[in-house]
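Chemist: After the structure tokens below, expect a handful of questions from me.
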2 protein chains.
Amino acid sequence: MTEIEIVYKPIGFVESDFKHQNEPEKIRNSESALLLDEIYIPALDGLLRFKHLIVLYHIDRSPGYAPKVHPHGDPNIPERGVLSTRSPCRPNPIGLTVVEVLEISGNRIRVKYLDALDGTPILDIKPYEKLFDSPPE
Amino acid sequence: MTEIEIVYKPIGFVESDFKHQNEPEKIRNSESALLLDEIYIPALDGLLRFKHLIVLYHIDRSPGYAPKVHPHGDPNIPERGVLSTRSPCRPNPIGLTVVEVLEISGNRIRVKYLDALDGTPILDIKPYEKLFDSPPE
């Protein structure tokens, strides 16, 4: 297969109270913020009309690629292919969470339900649209 | 903001009858395939249990970044910030579609509803899980 490299630059970083992935439930139910580079303030115009966003981020603390993993890191669940799980050990460690928007002020978006640690580089923000983002039927 | 570069390699490429984005409705409702690099066959183990997948891909034919765009490319809709739309003109042109799995054979996954052109580099495949991928309430 051809050797193509795709290069992205973070549009911002996550601000969170959590620096380690040891309390997944707590992280997901807490509030955090997306602090974007100020050059993207114009690109946020209109975002307030959406209650939910999809956040894509680079899982910078991924342990690296593993073809097979225990789902949820639970050794009691049999290993299976990493692409059939949400493990961070994927070939390209891109994380995805649907979050609720609490407040937008300038380049700072306060959100709930983001499953990402403090300092995580943000790749993209999309409005959540049921047409594209849930099973079609 | 710090200048970090994030480098990904495609895990495969899209096979589709569509090479140009001029019939969005038709593309989305057609069948296509995800042809993965053979090294990822073990990573696909267990994927068959899911009916729907999230596909992340690099929109390689994006016209490039524009802070403001007309939603759906429709000049009759007022421009707004690109991050409040699904336009390809985003800072990091990552596309996302929820697809239906039709068949998996070896390194080839036949799917329906993928909104990507022939030859599009695939970045990641995730099982669609309602808990993470739809609004929490």
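Chemist: If you add up the charges near A:R108, with Lys and Arg at +1 and Asp and Glu at -1, over every other residue whose beta carbon is less than 14 angstrom from its beta carbon, what do you get? Intermediate values should be presented prior to the final figure.
Modeler: Numbers: positive: A:R110; negative: A:E15, A:E31, A:D37, A:E38, A:E103.
Counting the neighbours of A:R108, the net charge comes to -4.
Chemist: Then there's this: Along the charge dipole of segment A:12-130, which of A:L44, A:H72, A:S32 sits closest to the positive end, that is, farthest toward it, with unit charges on the beta carbon of Lys, Arg, Asp and Glu (+1, +1, -1, -1)?
Modeler: A:H72
Chemist: If you don't mind, there's one more thing I want to ask. 7 Å along Cα→Cβ for the label point: how many nanometres lie between B:E25 and each equivalent label in the other copies, listed shortest first?
Modeler: 4.7
Chemist: Turning to a different aspect of this structure: If you plug each phi of segment B:114-129 into the Karplus form 6.51 cos²θ - 1.76 cosθ + 1.60 with θ = phi - 60°, what whole-Hz ³J(HN,Hα) values come out, in order, with x for Gly and Pro?
Modeler: Per residue, the Karplus-derived 3J(HN,Hα) values read 6, 9, 9, 7, 4, x, 5, x, 8, 9, 6, 10, 10, x, 6, 10 Hz.
Chemist: I need to check one value: relative contact order of segment B:12-130, counting alpha carbon pairs closer than 8 Å and at least 6 residues apart, in percent. It would help to have the intermediate numbers written out before the result.
Modeler: On the way: 245 pairs, mean separation 50.7, N = 119.
This gives 43 percent for segment B:12-130.
Chemist: Can you tell me which of B:P88, B:P63, B:P78 moves the most in a GNM of chain B? Springs connect C-alpha atoms under 10 Å apart.
Modeler: B:P78
Chemist: Shortest first and in nm with one decimal, please list how far the B:K112 label point sits from its counterparts in the other copies (point 7 Å along Cα→Cβ).
Modeler: Here B:K112 shows inter-copy label distances of 3.6 nm.
Chemist: Mind grabbing the interface size between A and B? I mean buried accessible area, both sides, 1.4 Å probe, in Å² to the nearest hundred.
Modeler: On the way: alone 9560 and 9590 Å², together 12790 Å².
Buried: approximately 6400 Å² between B and A.
Chemist: Next question, about the same structure. What do you get for Rg/Rh of the protein assembly as shown when both radii come from the Cα atoms and Rh is the Kirkwood radius?
Modeler: Working: Rg = 17.8 Å, Rh = 18.9 Å.
My calculation of the ratio gives 0.94.
Chemist: Mean residue ellipticity at 222 nm from the helices of chain A, using -39,500 (n - 2.57) per DSSP H segment of n ≥ 4 over the full residue count, to the nearest 500 deg cm²/dmol?
Modeler: Values: 2 runs with 9 residues, N = 137.
It comes out at -1000 deg cm²/dmol, rounded to the nearest 500.
Chemist: Treating the beta-carbon of each Lys and Arg as +1 and of each Asp and Glu as -1, no other charges, what is the dipole magnitude of segment B:1-112 about its Cα centre, to the nearest 20 debye? Mind showing how you got there, number by number?
Modeler: Details: 14 positive and 15 negative charges, 59 e Å.
With only Lys, Arg, Asp and Glu charged at Cβ, the dipole is about 280 debye.
Chemist: Moving to a separate point now. When a/c is below 1.5 the answer is rounded, else prolate if a/b is larger than b/c, else oblate, so apply that to segment B:42-99 with a ≥ b ≥ c taken from the square roots of the Cα gyration tensor eigenvalues.
Modeler: Numbers: a/c = 3.99, a/b = 2.41, b/c = 1.66.
Prolate, since a/c reaches 1.5 and a/b exceeds b/c.
Chemist: What are the label-to-label distances in nm, one decimal and shortest first, from A:I77 to the same spot in the other copies, with labels 7 Å along Cα to Cβ?
Modeler: Those label-point separations list as 3.6 nm.
The values are calculated or read from the model by the stated rules, or taken from the named source; none is laboratory data. It should be emphasised that the depicted structure is a prediction, and the values quoted were computed from it without experimental measurement. So basically every Cβ, Gly included, is an ideal-geometry build from the backbone, and we count neighbours across all protein chains shown. Accessible surface areas use protein heavy atoms only, side chains included; no ligands, DNA or RNA. Shrake-Rupley method; radii C 1.70, N 1.55, O 1.52, S 1.80 Å.
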